[in-house]
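Visitor: Take a look at the following structure, please.
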Amino acid sequence: MHRIKAVIVNTCREAIRNKLLYTVVFFLIILLGISSILGSFTMGEVSRFVINFGLAGIELLGVTMAIVTGTGIIYNEIQRKTIFTIIPKPIKRWEFILGKFLGLSIALLFQTILMLIVVILFLFIVGARVYPIILLGGLFIYLIIILTISITIFFSTFSSPILSGLFAATIYFIGNSLGELEVLISRISLSSGERLLIDFFYIILPNFSNLNIKNQVVHNTALPGGYALFSILYAVAYMLFMLLLATLIFEKKELY
Amino acid sequence: MIIEVKNVEKSYPTGHIVRKKITALRGVTFSVKEGETFGLLGHNGAGKTTLLKLLTGLIHPDSGEVSIFGESPSSLRAKQKIGFLPENPYFYTYLTPREILTFYGELFSISGKDIQNRVEDILKTVNLSSWADIPIKKFSKGMIQRVGVAQALINDPELLILDEPMTGLDPVGRKELKEIILSLKEHGKTIIFSSHILSDVEMICDRVAILIKGKIVEEGDIESLTAKHSTGYEIEIPKKYLKWVEQQNLHFKHQTNSLLLEFSTREEADKFLKELLREDIEILSFCPRRILLEDLFMEGYRRYAQD
Ligand SMILES: Nc1ncnc2c1ncn2[C@@H]1O[C@H](COP(=O)(O)OP(=O)(O)OP(=O)(O)O)[C@@H](O)[C@H]1O
Ligand SMILES: [Mg+2]
């Protein structure tokens, strides 16, 4: 799989050269800035705050990068005509999409790990206890990020960067509130038609709230048995489905 | 046959609300044999780029068939043997020629050491060795065109598809590219390229097709195409003899610094040549008419472009 690797390396290199390192530095500066006001709190409060804020920051910056970079991935290649020298080479269109996806995913894995290291070091420095569940928290955030990449790539195969960015961001926000939405909806009575409609959206929208385990990380509470496995499988299945749709669209696309 | 195009039609959708269509190709049929150099001539908007994009699998015909090496243009086996230079090529600007050529080489699954050697050779061929490690965003148009030529050659292709390869190149660059194409031709490669510069086509091609408004209106080898239409001879003399020329019963054309006397047969021209010598009139040149392809092109354009 020489040629997929070539696309992966190239995409990853572009993402890293462009802005990835700035994001990490930006994160570090904010974290340091905030630490200067933490002096008057108890150790428990500080640790909770750093974990909460740190993980939220990793997720937000990761998702932002996923959307900002992901929207351009296919569209810009066509718009800037760089694709005209790539597709005529012996690479399948689905390989190109997969390479793009993996390249960006690896770049953002790099970013997520760097930021997680920053957070962990920070916890060590302020003297808070670090529990291994924070790694699981990092993994779940990474799942959210690559799920977002796949959704963004899907949209970018047929719409402009601004639109696909909007779509992907909207889906991210709705997906995040699906958990709360469910609680809300369970309190009102619905006709069977309404119920069906809601179930439909429930199935097609990605359930990001399943992947949000920040609370458990902060309080170091164990996840219910099988929960992690189920969530990971769910995320991977959803991601594969998005990539499949993206390739089906891209396969037929006229490149001019 | 290396390339076979049968009855291909292609249109582009336009308009967002009201869907309209721009027809780019209207039933194009032609084929290219192994080792042939085929020129695709056409005015702006004739459909040259559309046709070449169909050959590379970037777009698909609305109807009709396209096959390359007997396979679909999207098949990897066909693509493995093709080098394609798009019109005004664009590259990842953050990469250097060495990096981008290595990337393209990897798409052909050429590995490690071989790529490096190949890239080195190609950079030399297109005269970019001293720019090999400078990001492409700092390149001029002609230099980018050279990168384009280089990437089309990276896999030592059997078939080269070049969309207006001469654009953006200075006279030196053009000459170099012509030499590259001629040497590829000597090595038995099949080449198809588009152009609206007639002299380029005349100099390099075995066979041409003239594309006008999405239709091939003439096709064949240059000699037989031009022989089919009237040929002739031209004598060029300085402008100062205008008075004298006007007294003769002659066809002639004004040029910026000279007069062009036109003859339809060699005998007539010879006869008049003697006359000129007798009158001690200075002769600037005497040659068979060389603008025939251009005439053909213009004639085709006049005939078919109206409807
Ligand atoms: N992306 C596009 N969308 C809509 N119409 C297009 C598009 N590309 C080309 N066309 C139309 O298709 C026709 C053929 O265009 P094409 O680019 O193939 O011409 P060409 O012979 O390459 O011209 P040129 O010499 O200017 O490069 C033109 O009428 C053009 O308007
Ligand atoms: Mg063109």
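Visitor: Near the amide H of residue A:255, under 5 Å away, which other amide H atoms are found, from residues 5 or more places off or on another chain, if H is placed in the peptide plane?
Guide: Counting only residues 5 or more places away or on other chains, the set is B:59.
Visitor: Putting +1 on Lys and Arg Cβ atoms and -1 on Asp and Glu Cβ atoms, find which of B:197, B:29, B:95 reaches farthest to the positive end of the dipole of the protein assembly as shown.
Guide: Checking the options against the dipole of the protein assembly as shown, the answer is B:95.
Visitor: How much net charge surrounds residue B:245 when only the other residues with a Cβ under 14 Å from the Cβ of residue B:245 are counted, with Lys and Arg +1 and Asp and Glu -1?
Guide: -3
Visitor: Separate question: Please compute the average number of Cβ atoms from other chains found within 10 Å of each residue's Cβ in peptide B:103-113.
Guide: Across B:103-113, the average partner-chain Cβ count within 10 Å equals 5.
Visitor: Shifting gears a bit: Nearest 0.05, what FRET efficiency do residue B:257 and residue B:277 give at R0 = 25 Å with Cβ-Cβ as r?
Guide: The value I calculate is 0.70.
Visitor: Once amide H atoms are placed 1.01 Å from N in the peptide plane, what residues at a sequence separation of 5 or more from residue B:62, or on another chain, have their amide H within under 5 Å of its amide H?
Guide: B:9, B:10, B:11
Visitor: What aspartates and glutamates sit close enough to residue B:10 to cross-link, taking a C-alpha to C-alpha distance under 14 Å and skipping anything fewer than 8 places away on the same chain?
Guide: Within reach: A:254, B:62, B:65.
Visitor: Can you give the helix-only mean residue ellipticity at 222 nm for the protein assembly as shown, where every DSSP H stretch with n ≥ 4 adds -39500 (n - 2.57) and the sum goes over all residues, rounded to the nearest 500 deg cm²/dmol?
Guide: -18000 deg cm²/dmol
Visitor: Then there's this: With only Lys, Arg, Asp and Glu charged, each at its Cβ (+1 for the first two, -1 for the last two), find how big the charge dipole of the stretch B:230-288 is about the Cα centre; round to the nearest 20 debye.
Guide: Dipole size: approximately 140 debye.
Visitor: By how many nm would the segment from residue A:29 to residue A:236 lengthen if fully extended, with 0.36 nm per residue of separation less the alpha-carbon distance?
Guide: Between residue A:29 and residue A:236, full extension yields 71.2 nm more.
Visitor: How much of the DSSP bridge set in the protein assembly as shown is antiparallel, in percent, rounded to the nearest 5?
Guide: Roughly 65 percent of the DSSP beta bridges within the protein assembly as shown come out antiparallel.
Visitor: While we're looking at this one, here's another question. Determine the dipole magnitude for the stretch A:40-198: charges of +1 sit on the beta-carbon of Lys and Arg, -1 on that of Asp and Glu, nothing else is charged, the reference point is the Cα centre, and the result goes in debye to the nearest 20.
Guide: Charge dipole, the stretch A:40-198, about its Cα centre: 480 debye, nearest 20.
Visitor: Do any residues of the stretch A:84-114 lose at least 40 Å² of accessible area when the full set of protein chains is present rather than just their chain alone, and if so which, with a 1.4 Å probe?
Guide: A:84, A:85, A:86, A:88, A:89, A:90
Visitor: Next question. According to a simple spin-label model (label point 7 Å from Cα along Cα-to-Cβ), what is the distance in nm between residue A:199 and residue B:6?
Guide: In this crude label model, residue B:6 to residue A:199 measures out at 5.2 nm.
Visitor: Another question, then. Could you sort B:205, B:287 by their accessible area in this structure, using a 1.4 Å probe and putting the largest first?
Guide: Largest accessible area first, the list is B:287, B:205.
Visitor: Quantify how strongly other chains surround peptide B:151-158 by giving the mean number of their Cβ atoms within 10 Å of each of its Cβ atoms.
Guide: That works out to 1 on average.
Visitor: Connecting C-alpha atoms closer than 10 Å in a GNM of chain B, tell me which of B:277, B:41, B:184 has the biggest fluctuation.
Guide: Result: B:277 has the largest fluctuation of those listed.
Visitor: According to the square roots a ≥ b ≥ c of the eigenvalues of the Cα gyration tensor, what is the shape class of the stretch A:82-202, taking rounded for a/c under 1.5, prolate for a/b larger than b/c otherwise, and oblate for the remainder?
Guide: oblate
Visitor: Turning to a different aspect of this structure: Below 14 angstrom from the Cβ of residue B:123, what's the summed charge of the other residues (Lys, Arg +1; Asp, Glu -1)?
Guide: Charge balance near residue B:123 sits at -1.
Visitor: Hey, how many Å between the Cα centroid of the stretch A:69-139 and the Cα centroid of the stretch B:1-47?
Guide: 40
Visitor: If you take each beta carbon of peptide B:82-94 and count the beta carbons of other chains within 10 angstrom, what is the mean?
Guide: Mean partner-chain Cβ count within 10 Å for B:82-94: 4.
Visitor: Just to verify a number: FRET efficiency for residue B:18 and residue B:88, C-beta to C-beta distance, R0 = 30 Å, to 0.05?
Guide: 0.50
Visitor: So how do B:37, B:265 rank on accessible area, 1.4 Å probe, biggest first, that is with the largest at the start?
Guide: B:265, B:37
Visitor: Can you tell me the orientation of helix A:227-252 relative to chain A, as the angle in degrees between its alpha-carbon axis and the longest Cα principal axis, to the nearest 10?
Guide: The helix A:227-252 is inclined about 20 degrees to chain A.
Visitor: Mind checking the angle between helix A:133-156 and chain A's longest principal axis? C-alpha axes, 0 to 90 degrees, to the nearest 10.
Guide: Value to nearest ten degrees: 30.
Visitor: Along the charge dipole of chain A, pointing to its positive end and built from +1/-1 on Cβ of Lys, Arg, Asp and Glu, which listed residue (A:134, A:28, A:40) has its Cα farthest out?
Guide: Toward the positive end, the furthest listed residue is A:28.
Visitor: Classify chain A: rounded, prolate or oblate, from the alpha-carbon gyration tensor (a ≥ b ≥ c, eigenvalue square roots; a/c under 1.5 rounded; otherwise prolate if a/b is larger than b/c)?
Guide: oblate
Visitor: Which shape class applies to the stretch B:160-239: rounded if a/c is under 1.5, otherwise prolate when a/b exceeds b/c and oblate if not, where a ≥ b ≥ c are the square roots of the Cα gyration tensor eigenvalues?
Guide: oblate
Visitor: May I pose another question? Got the relative contact order for chain B handy, in percent, Cα pairs under 8 Å and 6 or more residues apart?
Guide: The value is 20 percent.
Visitor: Over the protein assembly as shown, average the accessible area per residue using a 1.4 Å probe and give it in Å², no decimals.
Guide: On a per-residue basis, 49 Å².
Visitor: Which lysines, on any chain, are close to residue B:185 with Cα under 24 Å apart, when same-chain ones fewer than 8 places away are left out?
Guide: The reachable lysines, counting only those whose Cα sits under 24 Å from residue B:185, are A:89, B:33, B:48, B:53, B:79, B:81, B:124, B:175.
Visitor: In addition: Over chain B, with a Gaussian network built from C-alpha contacts below 10 Å, which listed residue (B:140, B:183, B:285) shows the highest mean-square fluctuation?
Guide: Among B:140, B:183, B:285, the largest mean-square fluctuation in the Gaussian network model of chain B belongs to B:285.
Visitor: So, taking all protein chains as they sit and a 1.4 Å probe, how much accessible area belongs to residue A:2, in Å² rounded to tens?
Guide: Accessible area of residue A:2: about 70 Å².
Visitor: How much of the accessible area of the protein assembly as shown, probe 1.4 Å, is carbon plus sulfur, in whole percent?
Guide: 60
Visitor: Give or take rounding to whole Å, what are the principal axis extents of the alpha carbon atoms in the stretch B:93-154, in descending order?
Guide: Principal extents (largest minus smallest coordinate, Cα): 30, 22, 18 Å.
Visitor: Let me ask you something else. Mind pulling the angle between the C-alpha long axis of helix A:43-79 and the longest principal axis of chain A? Nearest 10 degrees, somewhere in 0 to 90.
Guide: With rounding to tens, the tilt is 10 degrees.
The values are calculated or read from the model by the stated rules, or taken from the named source; none is laboratory data. Source: prediction; values computed, not measured. Glycine also receives a Cβ, built like all others from the backbone with ideal geometry; neighbour counts cover every protein chain displayed. Note: accessible area is taken over every heavy atom of the protein model, side chains too, but ligands, DNA and RNA are not part of it. Shrake-Rupley method; radii C 1.70, N 1.55, O 1.52, S 1.80 Å.
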